[in-house]
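The values are calculated or read from the model by the stated rules, or taken from the named source; none is laboratory data. Quick caveat: nothing in here was measured; it's all calculated off a predicted structure. Heads up, the Cβs are rebuilt from the backbone with ideal geometry, glycines too, and the neighbour counts pull from every protein chain shown.
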Amino acid sequence: MLITPIDIAFVLVGLAITVGALARRWAVPPPEPAAVASPGELLLTLLALIPAAVGPNVLVVALTPGMPAMPQLVRWVLLPSVVLLLLVWGVAALRGYERLTNRIWTGLWVGFATTAALDVFRLTSFSLGLLPGNLPRMFGVLIFDTMAQGPTPLSDIAGGLYHYWVSACFGLTYALVCGRTRCWGGLIWGLIIEVGMMTTPPMVIAMDTGYFGLKLGQGILNGVFIGSLIPHISYGIALGVLQERYTRQRGSLIGLVSAVVWPPR
Amino acid sequence: MRRAMKVLAVVSTALILALAQGPAFAQSARVDKASEKSFETTVKQVETALKSKGMMIVATIDHQNMMKMVGMSVKGSKTIEFGKPDMGKMLFAADAAAGLELPGKIYVYERGDGKTVVSYSKASAGFAAYGKEELKKIGQMMDMMLEEIAAEATK
C-alpha cells in the first residue's frame with residue numbers, strides 16, 4: 001500500500017483540528033491592543049526562533065554531503081531544540097509575556113494541524129506519480145537509520161511526527177516574525193516554503209530533482225514542482241486563515257525590536 | 001586497401017567474439033536456483049543455511065519495502081549480505097584490494113512466474129580478476145559453500 005493508514009491518520013487528526021478551530025472562530029475577532037515590549041520578551045522571542053529554525057533544517061543538513069546524519073542530528077540537535085522551546089515557553093508564561101506565549105502556542109498548533117491541508121494534496125500528488133517519494137516515510141527511515149530494511153509502522157509514525165513538527169516550526173516562525181496578519185500572508189509564507197523546498201538538498205540532491213524539478217526535463221511546469229506547489233498553497237492558505245483568527249495581536253518582530261531599541265517616549 | 005580490409009575484418013571479428021563472450025561469462029558467474037517454497041520461507045531458509053555454515057548476516061536489504069517509499073509495488077526481493085571473520089582474514093592476507101568483493105551476497109526474489117529464486121554470483125569469478133592463487137582457492141571454497149547454501153535454501 002503506497003499511502004499507509006498512518007499517513008491517513010495524521011491527515012484526519014490535522015483536518016479535525018483545522019475544521020474544528022475554524023468552526024469555533026468562523027468570524028475574525030478584532031485584534032487585541034499590543035502589549036508594551038520589553039527586552040526580556042525580545043530575547044525569549046529570538047530564543048524561540050532557534051528551535052523553529054532547527055526543525056526543518058536538521059533534514060537539510062543531514063542530506064547535505066559531508067554533514068552529520070539524521071540519527072545524530074535528531075539526538076543532539078532536534079530534541080534539545082524542543083527542550084529549549086519548552087523552556088522559553090515556560091519562562092515566557094512565568095514572566096507574563098502573553099503575546100509571546102500566544103504566538104508560540106498558536107504558531108505550533110496551527111502549523112501542525114494545517115499540515116493536513118498540505119498532505120491531502122501531497123498524498124494525491126504522490127499517488128498520481130507526480131512526487132518521487134512519500135517523504136515522511138523516508139524521514140522515518142532516516143531518523144532510525146534503517147534505509148536498508150525500509151519503513152516500519154514505528155518509522156512511519158516517527159517520520160510523520162517529524163513532517164508535522166517541521167510544519168509546526170514553519171507556523172511558529174511565521175507567528176513569531178509576522179505576528180497577526182491577514183490570511184493571504186500565510187499564502188505568501190507557503191510560497192516561500194515552496195521555494196525553499198525546491199532549492200535545498202532534500203529535493204535537489206536526495207530526490208535528485210534538480211532546482212524546481214528542472215532536472216526532470218519537463219520545464220518549470222514539471223510534476224515535482226506542481227505536485228509540491230499545490231500542497232504548499234493549500235498549507236499557506238489554511239495557516240493564514242487560522243493564524244488570523246488565533247494570533248491575538250498585530251506587530252512583527254521588526255516592530256518588537258524597534259520598540260525595545262527605540263522605546264516610544 | 002586490401003590490408004586495411006583485412007585489419008578491419010580481424011578487429012571486427014575480435015570485437016564480436018569479445019561481445020559474445022561478455023554475457024556468456026556473466027551468465028556462467030551467475031547462479032539462479034528456483035525454490036519450491038514461498039518467498040518468506042526461502043529467505044528464512046537462506047538465513048538458516050548461512051548460519052549453519054558459520055556465516056554472520058551483515059545486513060538484509062528489503063527492496064520490496066524500500067520501493068514502497070517511492071511509490072512502486074514490487075514482488076518480494078531481498079538481498080542478504082553475509083561474511084565470516086576467518087574467511088575475511090584469509091582474504092585480506094591475500095590481497096586487501098579484494099575487499100571490494102565483500103561482503104558476500106545472496107539475492108532472493110519472486111520471479112514473474114511466481115517462483116522464488118535464490119541468486120548469487122560465483123565468488124571465484126570475482127576473485128579471478130586479482131590473479132592470485134590464494135584468492136582463487138578462497139573463491140572455489142566459497143563457490144562450494146554457496147552451492148550448498150542455495151541447495152539447502154531451495155529444497
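Values computed for the structure shown
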{"item": "Given (1) surrounded by 14 or more Cβ atoms within 10 Å (Cβ to Cβ); (2) in a loop (DSSP other than H, G, I, E, B); (3) touching a Lys or Arg at 6+ places or on another chain (Cβ under 8 Å), index of the condition residue A:40 fails", "result": "(2)"}
{"item": "Selected residue (only one of A:227, A:223, A:255, A:213 is touching a Gly at 6+ places or on another chain (Cβ under 8 Å) and modelled with pLDDT of 90 or more)", "result": "A:255"}
{"item": "All positions within segment A:122-181 that are within 17 Å of residue A:237 (Cα to Cα) and among the charged types (D, E, K, R)", "result": "A:122, A:180"}
{"item": "Single unsatisfied condition, residue A:144 versus (1) away from every other protein chain (no Cβ under 12 Å); (2) crowded, with 21+ Cβ neighbours inside 10 Å; (3) among the hydrophobic types (A, V, I, L, M, F, W, C)", "result": "(2)"}
{"item": "Residue check for residue A:214: touching a residue at least 24 places away in the same chain (Cβ under 8 Å) and assigned to a helix (DSSP H, G or I)", "result": "no"}
{"item": "Test: residue in segment A:149-165 that is touching a Pro at 6+ places or on another chain (Cβ under 6 Å), in a helix (DSSP H, G or I) and more than 14 Å from chain B (Cβ to nearest Cβ)", "result": "no"}
{"item": "Matching residues, segment B:51-66, being more than 8 Å from chain A (Cβ to nearest Cβ), among the hydrophobic types (A, V, I, L, M, F, W, C) and out of contact with any Asp or Glu (no Cβ under 7 Å at 6 or more places or on another chain)", "result": "B:55, B:56"}
{"item": "Test: residue in segment B:76-89 that is of a type in the set (Phe, Trp, Tyr), without any contact (Cβ under 8 Å) to a residue 60 or more places away in the chain, surrounded by 18 or more Cβ atoms within 10 Å (Cβ to Cβ) and not in a strand (DSSP E or B)", "result": "no"}
{"item": "Residue match in segment A:167-175 (condition: surrounded by fewer than 19 Cβ atoms within 10 Å (Cβ to Cβ) and either within 14 Å of chain B (Cβ to nearest Cβ) or on the phi < 0 side of the Ramachandran plot (or both))", "result": "no"}
{"item": "Check on residue A:180, among the charged types (D, E, K, R), outside any helix (DSSP H, G or I) and in contact (Cβ under 8 Å) with a residue 24 or more places away in the chain", "result": "yes"}
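Rundown of residues vs (1) hydrophobic (A, V, I, L, M, F, W, C); (2) surrounded by fewer than 17 Cβ atoms within 10 Å (Cβ to Cβ); (3) out of contact with any Pro (no Cβ under 6 Å at 6 or more places or on another chain), yes/no style:
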{"residue": "A:11", "(1), (2), (3)": "yes, no, yes"}
{"residue": "A:19", "(1), (2), (3)": "yes, yes, yes"}
{"residue": "A:25", "(1), (2), (3)": "no, yes, yes"}
{"residue": "A:78", "(1), (2), (3)": "yes, no, yes"}
{"residue": "A:81", "(1), (2), (3)": "no, no, no"}
{"residue": "A:100", "(1), (2), (3)": "yes, no, yes"}
{"residue": "A:104", "(1), (2), (3)": "yes, no, yes"}
